[in-house]
Amino acid sequence: MFSYSDNDLYCEQVALADLAAHVGTPAYVYSSQTILSNYRAYDEAFGALPHTVCYAVKANSSLAVLALLAKAGAGFDIVSGGELARVLASGGDASRVVFSGVGKTAAEVEYALGHGIHSFNCESEPELVLLDAMAARRGVKAGFSIRVNPDVDAVTHPYIATGLGQHKFGIAIERARAVYERARAYTNLSAEGVSCHIGSQILDASPILEAVDMLVELARQLRAEGAPVRHLDLGGGLGISYRPGEKAPGVAQFVEGLHAKLRDTGLEVMVEPGRSIVGAAGMLLTRVLYRKQNGAKEFIVVDAAMNDLIRPALYHAHHEIVPLRKNGLPPVTADVVGPICESGDFLARDRLMANAMPGDYLAVCAAGAYGFVQSSNYNSRPRAPEVLVEGAGYRVIRRRETYLDLMRGETV
């Protein structure tokens with residue numbers, strides 16, 4: 001829902017240059033229509049196949065974004081007690097929440113049990129022991145899946161690959177049956193599913209489909225042995241296009257591949273998309289402060305920095321950078337850098353891009369996922385506001401932090 005009309009870049013029916021002038025920069029802007037369209041692409045593609053689309057809260061945990069998805073009927077995938085608190089505050093249904101993550105604390109488990117979440121994706125045998133003890137204390141039976149590690153290469157950045165034997169996540173699939181068997185001794189647990197997530201920003205869905213075959217066979221064996229397995233949780237991971245010409249998997253085609261493997265299993269399917277729902281729905285707006293040269297090197301200094309969007313510095317991730325208002329000047333090759341006192345503070349390096357001048361506004365594209373949620377106050381910089389565009393209007397869904405906010409909770 002981002003497009004140019006004449007020389008102005010619009011989000012839905014809102015001119016972003018006007019929005020930036022009103023709310024200031026840096027600022028995150030999200031398209032509500034894009035978020036809902038991306039969610040519905042999953043939900044509708046599954047059709048009659050029993051399914052739950054659990055949005056991965058870690059991708060973008062803004063209350064307004066969560067509320068938008070909750071009203072559309074989404075479930076939620078959480079990885080902390082704080083994310084559950086956000087889901088509940090946004091109106092999300094706890095019975096449609098799955099709790100993933102390798103290091104759940106006793107307090108988080110108790111909090112989740114107290115709110116009656118759907119199930120836990122467990123990643124170690126000690127976690128099963130803890131879950132059983134906490135469920136016994138509350139007098140409830142906790143549904144769980146074991147997150148199995150299929151040792152499948154997701155072919156993505158090593159920091160966001162999670163399905164190989166060298167990673168901290170999950171239990172090796174060849175050990176899973178024995179772990180499920182030992183879990184029968186825990187009278188307050190119910191083995192309701194099998195879980196897997198092999199990584200993020202996956203541009204070829206075939207590794208996921210390969211892992212599905214392994215999960216289906218494991219579920220078949222477990223059911224034959226009497227385990228009450230009802231669902232497969234396939235995680236998320238579908239990537240989006242960050243670069244021109246980069247092709248992301250189509251949701252409909254991906255789900256069609258799942259249909260072929262799952263339609264006759266009698267199992268409910270759970271998926272946990274995050275980036276593919278919100279990634280392309282967001283932009284980080286920024287304003288050019290200065291232009292400078294060091295020898296042959298050209299720099300465009302902007303007011304957004306690595307504390308606002310760390311992905312380029314952390315992952316060497318590529319985000320297209322476009323003007324909010326075209327000025328007709330020939331393009332320039334430059335580094336786009338921020339005010340942080342680090343040489344690693346950059347949004348782009350050696351980028352052929354619009355020849356922006358001081359005072360011009362730029363948009364860092366595809367910043368809706370792992371943007372604001374990874375932002376920080378490094379260099380004592382207030383975090384940016386978040387803005388949700390809804391048709392011809394918009395609202396600030398998180399105000400810009402102040403200097404007083406930076407010091408809240410501290411004492412001299």
Can you tell which of SER206, SER241 is closer than 30 Å to LEU347 by Cα and either of a type in the set (Ser, Thr, Tyr) or in contact with an Asp or Glu (Cβ under 7 Å, 6 or more places away or on another chain) (or both)? SER241
Would you point out the residue of the range 182-208, among those that are farther than 19 Å from LEU262 by Cα and in a helix (DSSP H, G or I), that is farthest from the chain's Cα centre (by Cα)? ARG182
Of these, ALA27, ALA41, ALA17, which one is at pLDDT 95 or above, closer than 19 Å to GLY391 by Cα and surrounded by fewer than 20 Cβ atoms within 10 Å (Cβ to Cβ)? ALA17
Residues that are of a type in the set (S, T, N, Q) and part of a strand (DSSP E or B), drawn from the range 32-58: THR52
Please go through (1) surrounded by 16 or more Cβ atoms within 10 Å (Cβ to Cβ); (2) touching a Cys at 6+ places or on another chain (Cβ under 8 Å) for ASN379 and return the number of the only condition it doesn't satisfy. (1)
Might you check whether a residue that is of a type outside the set (D, E, K, R), in contact with a strand residue (DSSP E or B) (Cβ under 7 Å, 6 or more places away or on another chain) and either in a loop (DSSP other than H, G, I, E, B) or at positive phi (or both) occurs anywhere in the range 370-380? yes
Kindly state which helices (runs of 4 or more DSSP H) lie completely within the range 219-335 and contain at least 2 residues that are more than 27 Å from SER32 (Cβ to Cβ). 251-262, 311-315
Which residues, counting only those in the range 1-31, are among the small types (Gly, Ala, Ser) and touching a Gly at 6+ places or on another chain (Cβ under 8 Å)? SER31
Out of (1) crowded, with 23+ Cβ neighbours inside 10 Å; (2) in contact with a Gly (Cβ under 6 Å, 6 or more places away or on another chain); (3) of a type in the set (Gly, Ala, Ser), what's the single condition that is false for ALA280? (2)
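Per-residue answers, yes or no, for (1) outside the structural domain of GLY371 (by TED's automatic domain parsing); (2) among the small types (Gly, Ala, Ser); (3) surrounded by 15 or more Cβ atoms within 10 Å (Cβ to Cβ):
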{"site": "CYS196", "(1), (2), (3)": "yes, no, yes"}
{"site": "GLY199", "(1), (2), (3)": "yes, yes, yes"}
{"site": "VAL212", "(1), (2), (3)": "yes, no, yes"}
{"site": "ARG230", "(1), (2), (3)": "yes, no, yes"}
{"site": "VAL251", "(1), (2), (3)": "yes, no, yes"}
{"site": "GLU256", "(1), (2), (3)": "yes, no, no"}
{"site": "VAL288", "(1), (2), (3)": "no, no, yes"}
Every residue in the range 301-334 that is closer than 18 Å to ARG381 by Cα and in contact with a helix residue (DSSP H, G or I) (Cβ under 9 Å, 6 or more places away or on another chain), please. ALA305, MET306, ASN307, ASP308, LEU309, ILE310, ARG311
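The values are calculated or read from the model by the stated rules, or taken from the named source; none is laboratory data. Predicted model, so just to flag it, every value in this text is computed and none were measured. All Cβ positions, glycine included, derive from the backbone under ideal geometry; neighbour counts span all protein chains shown.
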